[in-house]
Every structure is written in structure tokens, then in C-alpha cells.
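Notes for the one structure printed next.
The values are calculated or read from the model by the stated rules, or taken from the named source; none is laboratory data. The structure displayed is predicted, hence computed values, not measured ones. FYI the Cβ positions are ideal-geometry reconstructions off the backbone, even for glycines, and counts take in every protein chain you see.
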């Protein structure tokens, strides 16, 4: 994962401070949660990557899902485990572990998930997939593991890029730089954050090349969720070739 040291810093915590969210980011995250609610009945377990102290822990508990939170930062995992204890959640159904989302095979072992792989949803929330240095390697591993996933990813459009700039400035980040490439729009900060808003066609090619059947679901002007077709169709989400389903009814 790009800039791992950055995620251990206190400056990274500003990304999770809701007071720093522009309205467009708040709406993006609300749409992410709405879509996750649609998918919940199709699975038995949620694996939340880059979970911080468990952004979707309570969601999993409310929907009777097993939960595994994965984060690079030990202090977040420790806080998450304290939350489990404080809420009296059973340790055999709810857990946190230190791990790197760019190496899912290290933390997602179908043999010990306690559910069938196809009933385990791996969540890459809040565009964390955009910060993974080698997304193709992650996609191939997900295919190998046989687990469905949902990855929300920022749009490369100019208006979404402007919101991202505003968001990072609100977080107190310095020297936010923009690079436009064939893959998408990359933003880098002086603190070490690097995140790419991929062009949709780049992602379609990535999933296809890695043997993954994935459906795009448009969340908001800020971005799209890319969802394994097996759970998307089970949840009643379908799409025409080359077009994204639009989230409605929030």
C-alpha cells in the first residue's frame, strides 16, 4: 500500500474526522452505507479493510453479520477490540486484526472465516482502494480467494477532484498536487497521502483481466462502487453493459 508510514501518523486520523468532510463527501459515505445495507442480506460476514476503529462494526452487529476489521495501525485495532468488549459482542463473531489491505491473502483465509467464501463480503470503503499501489495484485488475490467484494472509488471528474482538494485542505494537508495520467487523477500531499481516482474504463479492464465479474453502482457525483456481480445481482442490482446502476431511494 502506498505510503504505509503515512497511515500510522496522527495526520492520517484527520481523514476520519467528520468535521473535515465537505457535504459531497458526507453524501458519498451515506450512499456507500445505503448500498452496503442493500448487500447485507446476501452475505453472512463483513470484512472491513482500513477499518480504523470499526466504522462499520455497529452496522454488522445490527444486521447480524460476523465482522472482521482489518487495519494497518495497531492503535486502531486495539481501540476496535475495546469497543467489542465494551459492547458485549461475542469474540467468536466480532474481531479486529492488524493487516495490510494490499495483501488480503494474509488476513482473509477462507479456511478460518467460519462462513463459506461466497458468503463473505470484503469491503474497501471510502475509496481506500484508490490508495493501493498495486490494485491488480489485490484483484487477482480476491479472485483466488473466491470472496465477493465492494470497493468505492472516487470519480476522476473535475468537480469531484475539486472536492477532494477541499477535503484534504480541511484536513490540514499541505501541498496537494494533482497528476493526470492515462489511469486517472492522482492527488498527493506533502504528508505522504497518494490516492488515484481511476477512469471507469481502466477499472473495467482491471476486473476483466483478473477474471472478476463486477458491476458498477454510481453512488454520487463523488464516485462509484464496484461490486462483485454475485452479490449485486442477489441484491437486485443489475446494469446494462457499459453503464452503471445508480443508487436511489436513500
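A few comments on the model shown:
- Check on residue 84, at pLDDT 95 or above and under 21 Å from residue 208 (Cβ atoms): no
- Condition check for residue 100: in contact (Cβ under 8 Å) with a residue 40 or more places away in the chain, in contact with a helix residue (DSSP H, G or I) (Cβ under 9 Å, 6 or more places away or on another chain) and either under 15 Å from residue 46 (Cα atoms) or surrounded by fewer than 21 Cβ atoms within 10 Å (Cβ to Cβ) (or both): yes
Residues checked against (1) outside any helix (DSSP H, G or I); (2) surrounded by fewer than 17 Cβ atoms within 10 Å (Cβ to Cβ); (3) in contact (Cβ under 8 Å) with a residue 60 or more places away in the chain:
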{"position": "29", "(1), (2), (3)": "no, no, yes"}
{"position": "32", "(1), (2), (3)": "no, no, yes"}
{"position": "37", "(1), (2), (3)": "no, yes, no"}
{"position": "41", "(1), (2), (3)": "no, yes, yes"}
{"position": "55", "(1), (2), (3)": "yes, no, yes"}
{"position": "67", "(1), (2), (3)": "yes, no, no"}
{"position": "81", "(1), (2), (3)": "no, no, no"}
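- Test: residue 54 is over 24 Å from residue 139 (Cβ atoms), within 13 Å of the chain's Cα centre (by Cα) and modelled with pLDDT of 95 or more: yes
- Any hit, the stretch 168-183, residues being in contact with a strand residue (DSSP E or B) (Cβ under 7 Å, 6 or more places away or on another chain) and touching a residue at least 40 places away in the same chain (Cβ under 8 Å): no
- Residue within the stretch 24-34 that is closer than 19 Å to residue 66 by Cα, modelled with pLDDT of 90 or more and touching a helix residue (DSSP H, G or I) at 6+ places or on another chain (Cβ under 9 Å) present: yes
- Residues located in the stretch 184-219, provided they are in contact with a helix residue (DSSP H, G or I) (Cβ under 6 Å, 6 or more places away or on another chain), surrounded by fewer than 18 Cβ atoms within 10 Å (Cβ to Cβ) and modelled with pLDDT under 95: 192
- Single residue of 72, 46 found to be more than 16 Å from residue 164 (Cβ to Cβ), modelled with pLDDT under 95 and touching a helix residue (DSSP H, G or I) at 6+ places or on another chain (Cβ under 7 Å): 72
- Lone unmet requirement of (1) in contact with a strand residue (DSSP E or B) (Cβ under 6 Å, 6 or more places away or on another chain); (2) closer than 29 Å to residue 233 by Cα for residue 128: (1)
- Criterion (part of a helix (DSSP H, G or I) and either under 23 Å from residue 192 (Cβ atoms) or without any contact (Cβ under 8 Å) to a residue 60 or more places away in the chain (or both)) met by exactly one of 59, 126: 59
- Residue in the stretch 213-221 that is farther than 21 Å from residue 163 by Cα, touching a residue at least 24 places away in the same chain (Cβ under 8 Å) and outside any helix (DSSP H, G or I) present: yes
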